[in-house]
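First comes the structure, then the notes that go with it.
The values are calculated or read from the model by the stated rules, or taken from the named source; none is laboratory data. For clarity, every value in this text was computed on a predicted model and none was experimentally measured. Because the Cβ atoms are built from the backbone with ideal geometry, glycine has one as well, and the counts that use them run over all protein chains shown. Side chains are part of the model used for accessible areas, which takes the heavy atoms of the whole protein and leaves out ligands, DNA and RNA. Shrake-Rupley method; radii C 1.70, N 1.55, O 1.52, S 1.80 Å.
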Amino acid sequence: MYEGAVQELIDELGRLPGVGPKSAQRIAFHILESDPDDMKKLATAIVTVKDRVKFCSVCGNVTEQETCSICRDPRRDPTMICVVEESKDVIAVERTRSFRGRYHVLGGAINPIAGIGPDQLRIRELLSRLSDEQISEIIIATDPNLEGEATATYLMRMLKTLGITVTRLASGLPVGGDLEYADEITLGRAFEGRRNMS
């Protein structure tokens with residue numbers, strides 16, 4: 001335990017996701033040892049992002065305007081929506097350059113243990129978009145973990161009655177992976193998602 005401001009900084013840093021007590025202490029001492037001007041720039045950047053950045057009124061992605069650049073882009077296919085958990089997932093999909101539609105960011109995944117149910121996610125906003133826009137396909141791109149699967153299953157059950165094509169991203173073996181190291185669930189999904197090569 002340190003005195004005053006140092007301990008307060010360590011405590012606050014420790015609240016960040018993925019930052020444990022040791023990492024928080026390391027970061028705090030890095031801040032103490034760094035150039036004051038650099039740390040003022042960091043502090044200003046944090047305050048600025050909290051002041052300027054908000055969520056897109058259409059899709060829920062992060063933006064500094066009312067709507068994000070993807071929703072404003074007329075070149076995007078307005079008939080396809082890729083549903084993701086977080087804004088960082090939008091960036092991951094965009095890096096592939098394989099999807100030219102629009103997005104819907106849920107703001108998380110169903111996780112009863114953490115007290116997150118469908119009402120805490122942006123599912124109502126998705127349903128509203130489906131009634132307002134001409135959507136032909138929803139691509140569910142939630143994480144392939146327990147919470148992501150629960151969210152995908154919930155969405156599929158809810159959306160299948162609307163007459164819109166609902167698809168789920170395939171999951172399976174990574175490129176360069178060895179079969180012997182794949183777990184049973186991943187290998188099973190790879191078999192389920194196999195493609196015809198002839």
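Which residues, taken from the range 159-175, are out of contact with any strand residue (DSSP E or B) (no Cβ under 9 Å at 6 or more places or on another chain) and within 21 Å of Asp143 (Cβ to Cβ)? Of everything in the range 159-175, those that are out of contact with any strand residue (DSSP E or B) (no Cβ under 9 Å at 6 or more places or on another chain) and within 21 Å of Asp143 (Cβ to Cβ) turn out to be Ala170, Ser171, Gly172, Leu173, Pro174, Val175.
For the range 91-112, a residue qualifies if it is of a type in the set (A, V, I, L, M) and in a strand (DSSP E or B), and exactly one does: Val105. Remark: pairs (first residue in the range 63-76, in contact (Cβ under 8 Å) with a residue 24 or more places away in the chain; second residue among the basic types (Lys, Arg) and open to solvent by 100 Å² or more (accessible area, probe 1.4 Å); Cβ separation under 8 Å; 6+ apart in sequence or on different chains) = Arg75/Arg100; Arg76/Arg100.
Counting the residues of the range 111-125 that are hydrophobic (A, V, I, L, M, F, W, C) and within 19 Å of Asn61 (Cβ to Cβ) gives 2. Considered as a group, the residues in the range 134-175 that are in contact (Cβ under 8 Å) with a residue 40 or more places away in the chain and in a helix (DSSP H, G or I) include one that is most open to solvent (accessible area, probe 1.4 Å), and that residue is Tyr154. Scanning the range 36-67 for residues that are within 30 Å of Tyr154 (Cβ to Cβ) and out of contact with any strand residue (DSSP E or B) (no Cβ under 7 Å at 6 or more places or on another chain) turns up Ser57, Val58, Glu66, Thr67.
Those residues that are without any contact (Cβ under 8 Å) to a residue 12 or more places away in the chain and either open to solvent by 80 Å² or more (accessible area, probe 1.4 Å) or in contact with a strand residue (DSSP E or B) (Cβ under 8 Å, 6 or more places away or on another chain) (or both), I need them from the range 113-133; list them, please. Those that are without any contact (Cβ under 8 Å) to a residue 12 or more places away in the chain and either open to solvent by 80 Å² or more (accessible area, probe 1.4 Å) or in contact with a strand residue (DSSP E or B) (Cβ under 8 Å, 6 or more places away or on another chain) (or both): Ile113, Asp119, Arg124, Ser131, Asp132.
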